[in-house]
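Here the structure comes first, spelled out in structure tokens, and everything after it is commentary.
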Amino acid sequence: MNAFFAAVEVVQNPELGGKPVVVGGTGRRGVVAAASYEARMYGIHSAMPSHQAQRLCPHLISIPGNYALYEEVSRRVMQIFKDYTPLVEPLSLDEAFLDVSGSKRLLGEPLDLAKQIRERVFKSEHLLCSVGIAPNKFLAKLASDAAKPIILGKETKIGSGICLVTEENTEDFLFPLPVSAIWGVGPQTRKRLTRLGVKTVGDLTKIPVTTLTNALGQAAGAQLWRLCRGIDERVVTPNQKLKSIGHEETFPQDRYGQSELNKELSRIVDAVAGRLRKSEKLGKTISVKLRSPDFITTSRSETLLNATNTSAEILATAKTLLKKMDIADGVRLLGVSVSNLQDSEVRQLQLGEEDYSPQREIDEAVDEIRQRFGGDVIGPGSTVGPEGIKAKRRGTQQWGPQ
């Protein structure tokens with residue numbers, strides 16, 4: 001999807017069309033989540049600090065974002081994809097791999113399917129998407145990037161919308177690309193490859209695999225050797241298992257002291273435990289993450305004997321972990337996640353444990369109330385402020401404070 005969050009906002013408010021728009025945290029610690037192509041003309045991009053984006057474009061329109069809306073639009077778009085193949089692997093709300101190799105006989109060639117998908121998405125949601133077609137996931141991802149609009153100075157060049165890479169033209173497409181186009185080539189890896197005289201993907205193909213593994217390690221070196229030749233054997237995997245559920249928040253001002261942080265911890269755990277129960281999952285490993293004012297990030301984890309999704313048990317463990325962490329200089333970011341997940345219906349009672357649990361009864365009652373009346377009507381006492389309950393929702397604070 002092209003500039004997905006920003007594009008959805010323009011659909012909701014057509015008056016934003018043709019204007020520089022970003023979605024993200026609007027506070028001094030916020031970051032840009034998505035930028036319209038009009039905003040990108042000023043050098044604005046995702047993950048850029050919001051205050052820096054505002055300096056680059058003083059008349060920039062900043063929108064806090066509506067994650068629930070983006071999820072709903074994404075769900076409808078993914079359903080369109082599933083009309084063409086059951087093998088749909090979402091990477092995020094705005095991106096997915098589709099294996100259409102089994103759809104050719106019934107629905108037509110991949111190029112025809114790509115055109116149909118683009119037309120249906122635009123007709124249904126008034127949104128544009130870019131489609132890459134290739135023999136494997138790696139090349140298809142690069143092809144989709146090549147099909148997107150291009151920023152040329154203060155102008156946007158309309159992209160092709162569809163880019164087809166075949167086995168015959170793989171080298172012509174792949175080799176001229178900068179080596180940073182390959183998955184896993186970040187700033188540090190790029191520096192090491194530059195010392196080897198590598199600037200493009202084609203340059204990388206000339207480096208022996210032993211040299212790559214010596215410079216980058218066995219796994220990374222072997223992976224780059226394959227990818228630079230367009231070799232990717234991974235299959236499209238729908239319905240991937242959920243690995244963890246978490247929530248983290250960057251505070252407008254640093255938080256100090258165990259008592260103040262415990263209040264924030266209570267609100268965050270309430271959101272995480274609620275999502276666990278909604279997903280019908282239990283988790284055994286509880287992790288707490290914090291970031292200091294000087295951006296040093298630390299984390300602590302504990303694996304419980306029994307998996308849980310009760311707010312009280314997760315909070316008790318999280319508080320214990322927090323006590324073991326250094327908070328003397330203040331906390332800029334605090335997060336909690338639960339991993340090592342299993343389905344809640346397979347929970348096994350321990351010796352002497354009763355099936356009835358007052359805490360589970362309370363959690364179930366809270367979930368039912370929220371489902372009926374909304375997430376802002378009930379919550380831990382620490383979530384209550386002058387303006388009511390400050391409930392944590394999925395996607396809120398994802399891009400920094402407002």
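Considering only DSSP beta bridges whose two residues both sit in the chain, what percent are antiparallel, to the nearest 5? The partial results should precede the final answer.
On the way: 40 of 46 bridges.
Roughly 85 percent of the DSSP beta bridges within the chain come out antiparallel.
Build a GNM of the chain with springs between Cα atoms under 10 Å apart, and of GLY202, GLY388, GLY375 the one that fluctuates most is GLY388.
Candidate cross-link partners of LYS123 among the lysines, defined by an alpha-carbon separation under 18 Å and a same-chain spacing of 8 or more, comprise LYS82, LYS115. Straight-line cross-link reach from LYS191 at under 24 Å between alpha-carbon atoms covers these lysines, not counting any fewer than eight positions away in the same chain: LYS141, LYS199, LYS206. Shown in residue order for the stretch 121-138 are the 3J(HN,Hα) couplings computed by the Karplus curve 6.51 cos²θ - 1.76 cosθ + 1.60 at θ = phi - 60°: 5, 5, 5, 7, 10, 6, 10, 9, 10, 10, 10, x, 10, 7, x, 8, 5, 4 Hz (x for Gly and Pro).
Counting charges near LYS324 (Lys, Arg +1; Asp, Glu -1) among other residues having Cβ under 12 Å from its Cβ returns a value of +1. The spacing between the stretch 20-45 and the stretch 229-267, judged by their C-alpha centroids, is 22 Å. The lysine pair tally for the stretch 244-389, using Cα distances under 22 Å and a gap of 8 or more places or different chains, is 12. Here the stretch 88-221 carries DSSP beta bridges of which approximately 75% are antiparallel, counting only pairs with both residues inside. Rg then Dmax, both in Å and based on the Cα atoms of the stretch 1-123: 16.8, 54. Over the stretch 244-389, the ratio between the Cα radius of gyration and 2.2 N^0.38 Å evaluates to 1.07.
Listed by Cβ neighbour count within 10 Å, with the fewest neighbours leading, VAL331, VAL179, VAL338, VAL384 appear as VAL384, VAL179, VAL331, VAL338. Considering helices alone, the calculated mean residue ellipticity of the chain at 222 nm is -11000 deg cm²/dmol, with DSSP H runs of length four and up weighted by -39500 (n - 2.57) and normalised per residue.
Extension gain for ALA328-VAL377 works out to 14.2 nm (0.36 nm per residue, less the C-alpha to C-alpha distance). Separation of the stretch 318-338 from the stretch 114-132 is 44 Å, based on Cα centroids. Note on the stretch 39-102: semi-axes of the ellipsoid equivalent to its C-alpha gyration tensor, largest first and rounded to whole Å, are 34, 14, 9. Looking at the P(r) of the stretch 222-295, how many percent of alpha-carbon pairs lie beyond 19 Å? Summing the P(r) tail past 19 Å for the stretch 222-295 gives 58 percent. Rounded to the nearest 10 degrees, the angle from helix 67-82 to the longest Cα principal axis of the chain is 50 degrees. From largest to smallest, the equivalent ellipsoid semi-axes obtained for the stretch 4-65 from the alpha-carbon gyration tensor read 17, 12, 9 Å.
Over all Cα atoms in the chain, the spread is summed up by Rg and Dmax: 23.8, 70 Å.
When all alpha carbon pairs of the stretch 168-278 are counted in 10 Å bins from zero, the resulting P(r) reads 11, 29, 16, 18, 21, 5, 0 %.
Since every read-out is calculated from the coordinates, none of them should be taken as a lab result. Note that the structure is a prediction, hence the values are computed from the model and not measured. Neighbour counts run over all protein chains shown; Cβ positions are idealised from the backbone, glycine included.
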